[in-house]
Amino acid sequence: MTINLLHFRSLLIAGTMTCIVSAGSVEKPFEVGTWANFCKGAVSHTFDDNTSNQLTKAVPLFNEKGFHMTIFTSPYYRPNWNGIRSAFAQGHEIGSHSIKHESNATDFAASQKYIQDSVPGEQCISYAYPNCTYPSGASNVYVASRGCEGYPAPKTPDFNNIKAQLIASAQYGNIMDVNGMNKLVDAAIQEAGWSIYLHHGVEGDYMFAATPLNDLSQNLDYIAKNRDKVWCETFGNVARYIKERDAVTVKKKASDDKSITVEITDNLDNKIFNYPLSIRLPVENTWDKPSVTVKQAGKDVQDTIVSVDGKEYLMFQAVPDGGDVVITFGATTSVKNSVSFNGNAAPITRLRSSLVINRQQFNNNISVTLFNLDGKTIACYKLKNDESTVDLNGITFSGSTFIANVSDGVTTSSLLVHR
Ligand SMILES: [Zn+2]
């Protein structure tokens, strides 16, 4: 948000007097999801201490299932930096776990710089305290710092010490297998909270605690099956979302009989806080639903019409301070360069009755599989080399929600689609 400095200063002064500091306001009938896609809860999988199977087994598993993980990295463990950089390039987060991994380490800024220098492009906004010791000062450097102590964290946690559940250690909580791991999902959904998995090793590569790969795989399947209820993202992106959600102002700027222009702003640093928020508004019966489009700063954003308790909403994803959002609901024939997180083109986008696959994110031999929420295949397509869309009109199945999975055999991406 561009803001007059004097005005900003007076706001701050007013803030200290009235205790109304930076919280935004959301004008009706707009709503901002507590979690992305209006899920009921969120989960993040985090991995400490750079054990070898994190890169060789966990990263490929998360890629296959279409999720992202966070790797809390410490030079003390001599990480494979090429592997770390490759994981980052595939959408996983690299956070800091201090330089020497000593209790009460306070090398917050130095360890952040170490990651930033070693993994170009990674902002390194996330920190995990070594050995569950919590000296002060992390919040001067990091957006979010992870501790230990259980699950789920509340929907707005203490960002200086966000609790997480240790996995595969009989000493701390005794969560050893998929049944225990799935309870973190259930708790996040039930308590509208954020469950954070704290893994160390994977599949026997660490004496202290190593999560069995098969249990991890089944847990990701459980998350996928509950994708309309639970949102799984990196620790840092969930933290970004929370801070933006709590700071955002959404208001109608203009409207006529064909469109609504919406202003979505916050007072956060746009270089860091650039994750799209999920916003919705009720569908009006005067709208021509098949032709609804949503653009931010002139570019198509992901949008979908969802039915919740018999009421229809238009849900879209927009970045605060990313430009005005224009919703049009008259006939239009525009076509589409969809843009997603951090300005990267989304690998897969739903535009009304089609799925649009961004071929630049895949090699050839792209297959598209549609699953219902029980994991049953509804339909399967092989795209020809000049094809980039799948028409959803001909698909018959009874549910209201399905998962579209796009893969070229190496890269896989998934999207939850509401009919
Ligand atoms: Zn550690």
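The table that follows gives values for the structure above.
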| quantity | calculated |
| --- | --- |
| Unit charges at the beta carbon, dipole of the range 40-239: most positive-side option, Tyr76, Ser195, Gly173 | Ser195 |
| Other-chain or far-sequence residues with amide H under 5 Å of Thr412's (modelled H) | none |
| The range 40-239: relative contact order in percent, alpha carbon pairs under 8 Å with at least 6 residues between | 29 |
| Taking the chain and dividing mean pair separation by its residue count, relative contact order in percent (alpha carbons under 8 Å, at least six apart) | 16 |
| The chain - share of DSSP beta bridges that are antiparallel (%, nearest 5) | 65 |
| Trypsin sites (Lys or Arg not before Pro) restricted to the range 351-397 and DSSP loop, no more than 12 other C-beta within 10 Å | Lys376, Lys384 |
| Sorted largest first, extent of the range 144-261 alpha carbons per principal axis (Å) | 63, 32, 24 |
| The chain, dipole about Cα centre (Lys/Arg Cβ +1, Asp/Glu Cβ -1), debye to the nearest 20 | 500 |
| Set of lysines near Lys57 by C-alpha distance (under 24 Å), chain-local residues within fewer than 8 positions excluded | Lys65, Lys183, Lys225 |
| Over the range 348-414 - Rg/Rh using Cα atoms and the Kirkwood inverse-distance radius | 0.94 |
| In Hz, Karplus ³J(HN,Hα) per residue of the range 150-162 (6.51, -1.76, 1.60; θ = phi - 60°; x = Gly, Pro) | x, 7, x, 6, x, 5, 10, x, 6, 5, 7, 7, 8 |
| Residue-averaged [θ]222 nm for the chain, counting only DSSP H segments that reach four residues, each worth -39500 (n - 2.57) | -6000 deg cm²/dmol |
| Shape of the range 40-239, Cα gyration tensor, a/c cut at 1.5 | rounded |
| For the range 135-185, convex hull of alpha carbons as volume per residue, Å³ | 84 |
| Length-normalised contact order for the range 165-294 - Cα pairs under 8 Å, 6+ apart - percent | 15 |
| Fraction of antiparallel bridges per DSSP, the range 40-239 only, in percent to nearest 5 | 5 |
| Label-point gap, in nm, between Lys382 and Asp269 - each point 7 angstrom along Cα→Cβ | 4.9 |
| Hydrodynamic radius by Kirkwood, which averages 1/r over all alpha carbon pairs of the chain, in angstrom | 22.4 |
| Qualifying aspartates and glutamates (Cα of each under 13 Å from Cα of Lys295; at least 8 residues distant if same chain) | Glu263, Asp303, Asp324 |
| Unsatisfied cross-links (Cα-Cα over 21 Å) in the set Lys40/Lys311; Lys40/Lys252; Lys289/Lys311 | Lys40/Lys252 |
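Each value in this text was obtained by applying a stated rule to the coordinates, not by laboratory testing. Since we're looking at a predicted model, the values are computed, not measured. Neighbour counts run over all protein chains shown; Cβ positions are idealised from the backbone, glycine included.
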